[in-house]
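Taking it in order: structure first as structure tokens, then the write-up.
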Amino acid sequence: MTDVPKLERPDGLSLALNYLPLLQLAGGVALAFGACSTPAARFVCLALWIYLLPPAVARLTLAAFGRPAGRATLDSRAYRIWWFLTQWQMVFNRLPWLEELLRLVPGLYPLWIGLWGGRLSLFAYVSPGVLITDRYLVDVGRGAVLGMKCSLAGHIAVRDENGRFVVLIGAPRVEAEAVVGGEAGLGPGATLLAGQMLPVGRRVAPFAAWPRGGKAP
């Protein structure tokens, strides 16, 4: 009989950080009602808290500990940094309409991505429903088009042959004038080469390039 590897379980820190998004929102509501006396002031206070605090924390974290990249396991520093930053983005992943509001104002969304530490050209087009999982890693060039409901994933979680969690982390790149088709996607470290189109629904594997045979930077 083949031995079945013992599956690794999330550690205490990973589980505890799941509460961070809820604490973030609760803290913002408490601040807005405690420090402001009018509905308008409370709204502005809460909006600033939601939109500016997470990228500010992310930039400070990246400056202090570096940008996570490569293959990360539960006991690695890269994993802890990545998971901490993931929880600061979770509010926007759970409530995507918050991000869509920013996309209504031309130029505002790229500036916000820049606050996180990512790069999204002011001259790129972001369609409705686009999912960017790791905002501090994304890299989108001038004139690029991100099609409806496409995804740029800066990480992917798997289990290795020993049953351990492994997270692959890397910046998905869409080079200048490239087009990501609707519901298509780039994995961590994947690259869509300049001027090329990724067909509708097509996925590019981690650290690969499209078209196939192209060379990722």
Of (1) open to solvent by less than 10 Å² (accessible area, probe 1.4 Å); (2) of a type in the set (A, V, I, L, M); (3) outside any strand (DSSP E or B), residue 148 fails just (1)
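For the stretch 7-21, check the following and say yes or no: at least one residue is touching a Cys at 6+ places or on another chain (Cβ under 8 Å) and either under 30 Å from residue 72 (Cα atoms) or in a helix (DSSP H, G or I) (or both). Quick ask: steps written out before the conclusion?
Let us first name the residues in the stretch 7-21 that are touching a Cys at 6+ places or on another chain (Cβ under 8 Å), namely none.
The answer is no, given that none of the residues of the stretch 7-21 is touching a Cys at 6+ places or on another chain (Cβ under 8 Å) and either under 30 Å from residue 72 (Cα atoms) or in a helix (DSSP H, G or I) (or both).
Could we say that residue 114 is part of a loop (DSSP other than H, G, I, E, B) and either touching a helix residue (DSSP H, G or I) at 6+ places or on another chain (Cβ under 9 Å) or at negative phi (or both) here?
Numbers: part of a loop (DSSP other than H, G, I, E, B): no; either touching a helix residue (DSSP H, G or I) at 6+ places or on another chain (Cβ under 9 Å) or at negative phi (or both): yes.
Taking the combined requirement at face value, the residue does not satisfy it.
Matching residues to (1) outside any helix (DSSP H, G or I); (2) farther than 25 Å from residue 122 by Cβ; (3) free of Cβ contacts under 8 Å to residues at least 60 places away in the same chain:
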{"position": "51", "(1), (2), (3)": "no, no, no"}
{"position": "57", "(1), (2), (3)": "no, no, yes"}
{"position": "60", "(1), (2), (3)": "no, no, yes"}
{"position": "63", "(1), (2), (3)": "no, no, yes"}
{"position": "67", "(1), (2), (3)": "yes, no, no"}
{"position": "71", "(1), (2), (3)": "yes, yes, no"}
{"position": "81", "(1), (2), (3)": "no, yes, yes"}
{"position": "88", "(1), (2), (3)": "no, no, no"}
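Yes/no per residue for (1) open to solvent by less than 60 Å² (accessible area, probe 1.4 Å); (2) farther than 21 Å from residue 95 by Cβ; (3) of a type in the set (Asp, Glu); (4) within 15 Å of the chain's Cα centre (by Cα):
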{"position": "128", "(1), (2), (3), (4)": "no, no, no, no"}
{"position": "134", "(1), (2), (3), (4)": "yes, no, yes, yes"}
{"position": "156", "(1), (2), (3), (4)": "no, yes, no, yes"}
{"position": "208", "(1), (2), (3), (4)": "yes, yes, no, no"}
Within the stretch 193-213, does at least one residue satisfy the condition of being under 23 Å from residue 85 (Cβ atoms), of a type in the set (Lys, Arg), touching a Phe, Trp or Tyr at 6+ places or on another chain (Cβ under 8 Å) and outside any helix (DSSP H, G or I)? no
Being open to solvent by less than 40 Å² (accessible area, probe 1.4 Å), assigned to a strand (DSSP E or B) and under 19 Å from residue 129 (Cβ atoms) is the filter here; which residues of the stretch 160-190 pass it? 174, 180, 185, 186
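Kindly provide the set of residues from the stretch 64-82 that are among the charged types (D, E, K, R) and surrounded by fewer than 18 Cβ atoms within 10 Å (Cβ to Cβ), ordered by number.
Listed by number, the residues that qualify are 67, 71, 75, 77.
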Exactly one condition in (1) within 18 Å of residue 155 (Cβ to Cβ); (2) among the β-branched types (Val, Ile, Thr); (3) open to solvent by 30 Å² or more (accessible area, probe 1.4 Å) is not met by residue 61; state its number. (3)
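Here are 95, 85, 46, 120: which of them is surrounded by fewer than 17 Cβ atoms within 10 Å (Cβ to Cβ) and hydrophobic (A, V, I, L, M, F, W, C)?
Numbers: 85 fails: surrounded by fewer than 17 Cβ atoms within 10 Å (Cβ to Cβ); 46 fails: surrounded by fewer than 17 Cβ atoms within 10 Å (Cβ to Cβ); 120 fails: surrounded by fewer than 17 Cβ atoms within 10 Å (Cβ to Cβ).
Checking each option against the conditions leaves just 95.
The values are calculated or read from the model by the stated rules, or taken from the named source; none is laboratory data. Please read all numbers here as calculations on a predicted model, not as lab measurements. In this analysis, Cβ positions are derived from the backbone assuming ideal geometry, glycine residues included, and neighbour counts consider all displayed protein chains. Remember, those area values only see protein heavy atoms, side chains included, never the ligands or the DNA or RNA. Shrake-Rupley method; radii C 1.70, N 1.55, O 1.52, S 1.80 Å.
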